[in-house]
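Q: This is the structure, below, for whatever I ask next.
The values are calculated or read from the model by the stated rules, or taken from the named source; none is laboratory data. Values in this document were obtained by computation on a predicted structure and should not be read as measured data. Please note: Cβ atoms are built from the backbone with ideal geometry, for glycine as well, and neighbour counts cover all protein chains shown. Each accessible area value is taken on the protein alone, full model and side chains, heavy atoms only, with ligands, DNA and RNA left out. Shrake-Rupley method; radii C 1.70, N 1.55, O 1.52, S 1.80 Å.
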Amino acid sequence: MADALKVNGRNGRFSLINRSYEPMGTSHHDRPVWVARDVQPIYIFHTGKSRWVISKRLDDGSKCYAYIEDTGKDPTKASGQWVMIDNDDQWRPDANVSCVATPSSTDTFVQLRMSMESEMTQYGFNDMSKLRTLWKRLDFNGNNVVSLAEIDKMVVELVAGGTWPAWLNNKPALMRAYKKTILVDGDGDDWVEKREFHNLLLNIFWFNKLWQIFEQVDTGADRRMDVREFQGGLSKLGLSMSDHEAQQEFAKIDSNHGGQVLFVEFCAWVRMRVSPDAHSNFDGDIVSGEHCGRALRHHHGHKATQHHFVSKKSFSDFDALEKKVKAIIADHKKLHSLWRELDFNGNGIVSLAEIDKLVVQNSLFVKYPILNHKPALMRAYKKTISKAGGGDGDDWVQKREFKQLLANLFYFNKLFWIFEHEDGDKDRRMTFQEFKRCMSICGVNMSEAEAKSDFSKVDKNHGGIVLFDEFCAYFASKSCPQALTSMVE
């Protein structure tokens with residue numbers, strides 16, 4: 001059966017079944033199987049006895065969202081009504097729910113989504129026993145919630161150990177997967193709960209697939225795509241367009257008309273292709289707020305949050321930490337001990353992945369999460385290995401560059417805090433007004449005209465926004481306050 005399915009009409013509890021489902025090309029109990037088109041772990045299949053079900057897992061259908069009695073080969077031809085569970089936990093027929101055939105999509109990204117199922121099975125993403133084992137490894141303290149840092153640590157370790165392929169470890173993709181899991185699939189807090197784990201793995205897989213494509217098109221390797229790169233990468237995107245059509249399509253992706261498309265905008269564009277009727281907030285790149293504990297306590301009680309809290313960072317946090325970092329840099333024994341932990345194989349050089357692992361795992365960084373921000377880590381790494389930053393231009397940090405790496409980690413995390421603190425809409429892009437406030441916080445006094453002049457120099461494409469990398473390059477070129485730069489004597 002080549003047709004896709006469209007389920008509609010459900011209101012209230014489990015309205016998430018309202019979506020399009022593509023045929024997987026496999027069978028379950030000698031009948032076809034469909035999976036949600038828009039990257040959700042929701043399947044339509046037959047139990048092998050007397051029901052078609054809509055369920056989160058491809059199993060016996062015992063824990064499903066909906067079912068309809070039928071022994072045939074096609075759920076669209078089943079008589080009777082779909083039965084749903086209501087808010088009072090009672091199963092009732094819902095006459096509004098319909099399941100009809102609709103043409104299958106030929107879109108490149110829909111086909112990419114469909115190809116994921118077999119690969120996910122290969123890595124154990126659809127095996128419940130393996131999922132339980134992996135969750136126990138991730139949730140090592142057993143409180144049934146995990147943070148972004150814990151997820152990042154898991155990914156780094158699984159890739160380093162050869163359990164997962166290297167292409168599953170990309171920070172931009174991980175951040176998108178995490179954000180979608182907590183803000184769309186979850187309940188809006190800052191932690192992934194056990195019931196959201198399958199969604200997280202699916203999202204990690206999906207957004208890494210998209211990142212691979214984005215990187216191929218981003219020939220400038222600056223994590224931004226311009227219209228020239230978009231036109232040159234049409235074949236990789238599965239598109240055939242004239243130059244004029246490509247420019248029009250690019251304008252749709254470039255929501256702020258700045259001439260550059262970020263990965264998050266690319267993901268939002270893909271969402272619209274895969275599922276045009278999905279909610280507009282599906283790809284909202286939102287930093288979750290300071291009330292996240294409320295949802296946790298509602299679901300898990302006060303014990304769930306006794307070791308988790310959100311506090312506002314301030315300059316005093318960095319002032320106290322700066323003394324500790326300087327002390328480590330000045331103490332040869334402590335510095336050597338930290339380097340040995342980082343360079344665990346003793347080859348005298350470390351990669352970005354090894355540095356990232358240290359930041360996620362080492363007690364100093366765990367105790368001071370203000371040092372764990374991926375954009376800042378990337379800037380610190382690039383600065384350290386660059387010839388301008390004292391490195392030799394290769395891709396590794398050597399032992400003699402380690403002091404500078406620690407200083408850069410502190411420096412760029414502080415810059416990132418300033419950037420994020422004044423980035424009011426949390427889109428990781430800074431407007432002119434936000435830029436002025438940053439300069440004020442950093443003690444840089446300038447007139448309105450001077451601020452506009454400097455902003456235009458940073459905003460090279462004149463799109464009205466500044467990215468963190470651009471902000472760092474600008475700030476490093478200024479005569480920064482001593483507290484930000486005086487680290488390595």
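Q: Distance between Cα centroids, region 321-381 to region 218-252: provide it in whole Å.
A: For region 321-381 versus region 218-252, the Cα centre distance is 38 Å.
Q: Expressed as a whole percentage, what fraction of the accessible surface of region 148-218 belongs to carbon and sulfur atoms when a 1.4 Å probe is rolled over the protein heavy atoms?
A: Carbon and sulfur atoms account for 50 percent of the accessible area of region 148-218.
Q: How much solvent-accessible surface does S79 expose, in Å² to the nearest 10, with a 1.4 Å probe and all protein chains in place?
A: That residue has around 90 Å² of solvent-accessible surface.
Q: Could I ask something else about it? Would you please calculate the Kirkwood hydrodynamic radius of region 155-199 over all C-alpha pairs and express it in Å, rounded to one decimal?
A: One decimal place: 11.4 Å for the Kirkwood radius.
Q: Next question, about the same structure. Translational diffusion coefficient, Stokes-Einstein: compute it for region 76-178 using the Kirkwood radius over C-alpha pairs as Rh, at 37 °C and 0.692 mPa s, and state it as an integer in µm² s⁻¹.
A: Result for D is 186 µm²/s.
Q: Restricting attention to the alpha-carbon atoms of region 356-456, what are Rg (one decimal) and Dmax (integer), both in Å?
A: 15.8, 46
Q: Using the alpha carbons of region 209-267, what is the convex hull volume per residue in cubic angstrom, as a whole number?
A: Enclosed volume per residue, from the Cα hull, is 72 Å³.
Q: Using only the alpha-carbon atoms of region 1-142, report the extent along each of the three principal axes, biggest first, to the nearest angstrom.
A: Here the spans come out as 46, 40, 27 Å, largest first.
Q: Calculate I(q)/I(0) for region 120-208 by the Debye formula, one identical point scatterer on each C-alpha and no solvent, and give its log10 at q = 0.10 Å⁻¹ to two decimals.
A: Scattering profile of region 120-208, log10 relative to I(0): -0.21.
Q: How much net charge surrounds V397 when only the other residues with a Cβ under 15 Å from the Cβ of V397 are counted, with Lys and Arg +1 and Asp and Glu -1?
A: Net local charge, V397 excluded: +1.
Q: Counting only heavy atoms of protein chains, what accessible area per residue, in Å², does the chain have with a probe of 1.4 Å?
A: The answer is 47 Å² per residue.
Q: Quick one: if you take sqrt(5λ) for each eigenvalue of the C-alpha gyration tensor of the chain, what semi-axes come out, biggest first, whole angstrom? Before the final figure, lay out the partial values.
A: Values: eigenvalues 387, 142, 93 Å².
Ellipsoid half-lengths, sorted descending, are 44, 27, 22 Å.
Q: To continue, here is another question. Take the chain, mark every one of the trypsin sites (Lys or Arg not before Pro) that falls in a DSSP loop and has at most 10 other Cβ within 10 Å, then report the longest stretch left between them, sites excluded. Intermediate results must be reported in sequence, preceding the final value.
A: Details: sites that count: K49, K63, K312, K387.
With a cap of 10 other Cβ atoms within 10 Å, the longest stretch comes to 64-311.
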